[in-house]
Structures are given as structure tokens and as C-alpha cells.
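Participant: Right, I'll just put the structure down here and ask away after.
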Amino acid sequence: MAAIDRAGLADFLRRRREALQPEDVGLPRGQRRRTAGLRREEVAALCHMSTDYYTRLERERGPHPSEQMVASIAQGLHLGLDERDHLFRLAGHHPPARGELSEHVSPGMLRVLDRLDDTPAEIVTELGETLRQSPMGVALTGDATLRTGPARSLGYRWFTDPATREMYDPRDHAFLSRLYASGLREVVTRRGPGSRAARLAELVLARSEELRRLWEVHEVGLRPHEVKRFVHPQVGALDLHCQTLLDPEQSHRLLVYTAVPGTESHEKLQLLSVLGAQALA
């Protein structure tokens, strides 16, 4: 770990904060806004830290931020990869890896997600780990970003935690098992032995007889159905179309779930929006 450049860090944070507008990060502009760009308390909230902690960094004071804290700041300020790496070096840390190991969501993908308040959406890694969700995404599937360890991967949970399957129509369970097995094998082949994908596969294979059977079939090339059938504990069955936006540089996908207007599923999504808002109140 190198020495922190407090003056450079403070200047970079301040200039990036002043360059961002509320609408860039999904916040309402409101009235009587005199601050150039975002307020410090708004950035602190986006970075999941106290206003006092963030303010001290901008004023060249406070503790040496950890790598986790710097990563949170980079994400909260919607930094690009080169900007993120610069921030890490200013804070005295080596920049994280890019590609398959990176969990830094691109600013463009974040901007799209920030505008999807009324639609279930999530950003996931190639291993099915949820990095960000829209408020409606949380209302649909729960806050998946709180999970830790291998359980962050939906594929891992599918084969090791029976409760995971309750969220999906039983008629789709057999296909989803094949889909997750196929997808995991493809990622393992793409990333190679010793990769995070290979280690995850070893963990699941050791725990799941079902995956071991599917692994022997060596099926690849399966793709998700256009319509996903969810079973929500409050609103019941939902048939949702899934659209995907891919960030090839980071191997992240933005999944957006919509219902056909006029259908029962569309009405249930509207009800879920109200229930989600009430839960956050």
C-alpha cells in the first residue's frame, strides 16, 4: 500500500462531485439548488458512508480509506474504470482487477438502472451475482445484494438452497436446473481452471447430486426463455419478459423485467410497486 495523496484525493473527489447532476444518479433535482453538482450528503448516501466521513476526505482529513471504501466511493460517484483506477492510486491502493473479477458497474449501465424506479431490474455478474437492483427489483426478489460468499451466485443457491426455487414456477424448475448447469460450465470453460468460476463449480458439485448428474450430460448453449414465471409471496404468479443489456468489458448484464400492458401480470406489477413503496416508508 502506497502513501495516500490527500490533496489529490480531495481535489478529485470534489471535482467529480461538482460534475455530477442529481438526474445523473437518479436523484430528484428539487428546488433552490445552489450547489454546483451534488451535495456532499447526497454523495455520502450514494457511497453508503456518513456525510462526516466523506466531508473529511474532501477536506484532506480523516482516516486512510480502505479498499472497500474506495470501491464504494468509485461506484457512488459513477466513475469509469480509468477514473476508478486513478482514485485507488490517489488513496494509496493498487487498482482492482478488470474483467471477470471486477464488480465495478459502468457509469452508463448505472445511469440506465437509475431510471428504472418503476421496473424490476438488476445488474448481475456472469456467475449470477447481483451487484445492483432497482427498488422494484428488490420488491420482486428481495435484496440479493446482501448475500455473501458463494451464496451470492443464483446458480449456487439454486442447487444448494431449496427455498430459492420457491420464487419460480415449478413447471420451469427442470429447465432452470439445466440452464444454470449449462451456463456455469460455459463460464468455467471460458475462464479456465483455477478461476473463480471453476472454484464455484467445485463447491456446488460437491454439494448437489442434481448438478453432478447434469454435469455429466455436458449440455451447453441453453438460453433463458423470453418469459420468466415468478411466484411472489404477496402478489402470486407473474409472467415477466426479460430484456438484457450486456457490458462486454466487465461481463455484467442488466436484466429488466416487464409485463405486457393489460395483462394480469401487469396489474400485479403495479400492485407490487405500491407494496414495495410501503415497505420502504
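FYI, it's all coordinate maths here, none of it is from the lab. Since the structure is predicted, the reported quantities are computational estimates derived from the model, not experimental observations. Virtual Cβ from ideal backbone geometry, glycine too; neighbours counted across all protein chains shown.
Participant: With the crude spin-label approximation of a point 7 Å out along Cα→Cβ, what separation in nm comes out for VAL227 versus HIS48?
Facilitator: In this crude label model, VAL227 to HIS48 measures out at 3.6 nm.
Participant: Count the net charge of all other residues whose Cβ sits under 10 Å from the Cβ of GLY8, scoring Lys and Arg as +1 and Asp and Glu as -1.
Facilitator: -1
Participant: Rounded to the nearest 10 degrees, what's the angle between the helix 264-280 long axis and the longest principal axis of the chain, both from Cα atoms, 0 to 90?
Facilitator: That helix lies at roughly 40 degrees to the long axis.
Participant: Follow-up. Suppose each label sits 7 Å from its Cα in the direction of the beta carbon; what would the ALA174-ALA206 distance come out to in nanometres?
Facilitator: Result for the modelled spin labels: 3.1 nm.
Participant: Using the basic label-point model (7 angstrom from Cα toward the beta carbon), what is the GLU83 to ARG33 distance in nanometres?
Facilitator: Simple spin-label model gives 1.6 nm for this pair.
Participant: For the chain, what does the helix formula give at 222 nm: sum of -39500 (n - 2.57) over DSSP H segments with n ≥ 4, over the residue count, nearest 500 deg cm²/dmol?
Facilitator: On the way: 12 runs with 128 residues, N = 281.
Counting only the DSSP helices, I get -13500 deg cm²/dmol.
Participant: If you don't mind, there's one more thing I want to ask. Quick check on the exposure proxy: order GLU103, GLU226, GLU267 from fewest to most C-beta atoms within 10 angstrom.
Facilitator: In increasing order of surrounding Cβ atoms, one gets GLU226, GLU267, GLU103.
Participant: Separate question: So the label point goes 7 Å from the Cα of THR55 along Cα→C-beta, right? Which residues of region 66-80 then have their backbone N under 20 Å from it?
Facilitator: Within reach of a label on THR55, which here means backbone N under 20 Å from a point 7 Å along Cα→Cβ, region 66-80 contributes 73, 77.
Participant: Considering Cα pairs under 8 angstrom that are at least six residues apart, work out the relative contact order of the chain and quote it in whole percent.
Facilitator: 16 percent
Participant: Evaluate the charge dipole of the chain about its Cα centre and quote only its size in Debye, nearest 20, assuming +1 on the Cβ of each Lys and Arg and -1 on the Cβ of each Asp and Glu. Mind showing how you got there, number by number?
Facilitator: Details: 39 positive and 39 negative charges, 122 e Å.
In debye, rounded to 20, the chain gives about 580.
Participant: Further, regarding this structure: Which distance in Å, rounded to a whole number, links the C-alpha centroids of region 185-252 and region 45-76?
Facilitator: Between the Cα centres of region 185-252 and region 45-76 lies a distance of 34 Å.
Participant: Which is farthest toward the positive dipole end of the chain among ALA237, PRO28, TRP158, measuring Cα position about the Cα centre, with Cβ charges +1 (Lys, Arg) and -1 (Asp, Glu)?
Facilitator: The residue sitting farthest along the positive end of the dipole is PRO28.
Participant: Between ARG111 and THR263, what is the FRET efficiency for a Förster distance of 41 Å, r being their Cβ-Cβ separation, to the nearest 0.05?
Facilitator: 0.90
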